[in-house]
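In what follows, a structure is listed as structure tokens, so that the remarks can point back to it.
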Amino acid sequence: MSLVEEQLAILRERAVTTSQKLVELSEMGRENDRWLEATRKTLQALLSAVDRGHATLIWSEQACGSFGAEMGALVWFDNSPEGERAVSIVRKLTGGGGAFSGAVSSQDMEQLFGRGAFTGSVSVSCIRKGDEVIGALTVGAVDAERYRQEESTVFLDYIAEVIGQLPACQ
């Protein structure tokens with residue numbers, strides 16, 4: 001094989017690799033566009049919230065509808081006895097106030113979403129009012145691999161940040 005033929009083969013191989021990467025990046029861009037649109041719809045819906053209970057209902061609907069999550073919950077850190085265990089789990093997962101994605105136990109799923117008897121995965125982002133953590137947004141799935149540790153929570157973080165600023169959620 002001549003030098004020209006070898007170089008041509010190498011260039012063809014690189015072109016295939018580059019094409020595959022371009023397809024992958026284009027799909028990631030389309031997925032980010034879908035997440036951005038879901039975020040926009042969710043924020044528009046949350047702007048109509050009249051109180052924390054209404055915001056909780058809106059988030060549950062949006063998490064499952066716009067984002068396609070199997071489960072969604074908004075946990076308020078308001079010292080209510082019924083939410084005490086969920087708050088404890090959120091604090092354990094997020095280290096007290098950050099974000100988390102990954103597999104969790106069936107007990108954690110039960111406390112966060114009211115559905116148990118299965119191990120699953122969650123993505124959690126804390127809601128802040130200034131420096132104080134006042135709640136957490138959660139999405140969950142029965143599939144323990146759906147929300148993985150290496151995944152970003154940027155869209156969830158953004159929604160949580162906005163909720164922390166809404167007058168109805170103070």
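Computed values, structure above
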read-out: Alpha carbon Rg of the chain, scaled by the compact-globule rule 2.2 N^0.38 Å; value: 1.34
read-out: Added length on full extension, which subtracts the Cα-Cα distance from 0.36 nm per residue, Ser19 to Ser48; value: 6.0 nm
read-out: Surface accessible to a 1.4 Å probe, per residue, for the residues of region 37-170, Å²; value: 49
read-out: Furthest towards positive pole of dipole, Gln149, Leu47, Gly97, structure part the chain, Cβ charges; value: Leu47
read-out: Mean separation of Cα contacts under 8 Å (6+ apart) over length of the chain, as relative contact order %; value: 20
read-out: Stokes-Einstein diffusion coefficient of region 1-92, Kirkwood radius over Cα pairs, 25 °C, 0.890 mPa s, in µm²/s; value: 142
read-out: Efficiency of FRET between Glu145 and Glu6 - r from beta-carbon atoms, R0 41 angstrom, step 0.05; value: 0.45
read-out: Highest-first arrangement of 87-97, 11-21, where packing means the average Cβ count within 10 Å; value: 87-97, 11-21
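The values are calculated or read from the model by the stated rules, or taken from the named source; none is laboratory data. This is a predicted model, so every value here is computed, not measured. In this analysis, Cβ positions are derived from the backbone assuming ideal geometry, glycine residues included, and neighbour counts consider all displayed protein chains. The protein model used for the area step is the full one, side chains on, heavy atoms only, and it has no ligands, DNA or RNA in it. Shrake-Rupley method; radii C 1.70, N 1.55, O 1.52, S 1.80 Å.
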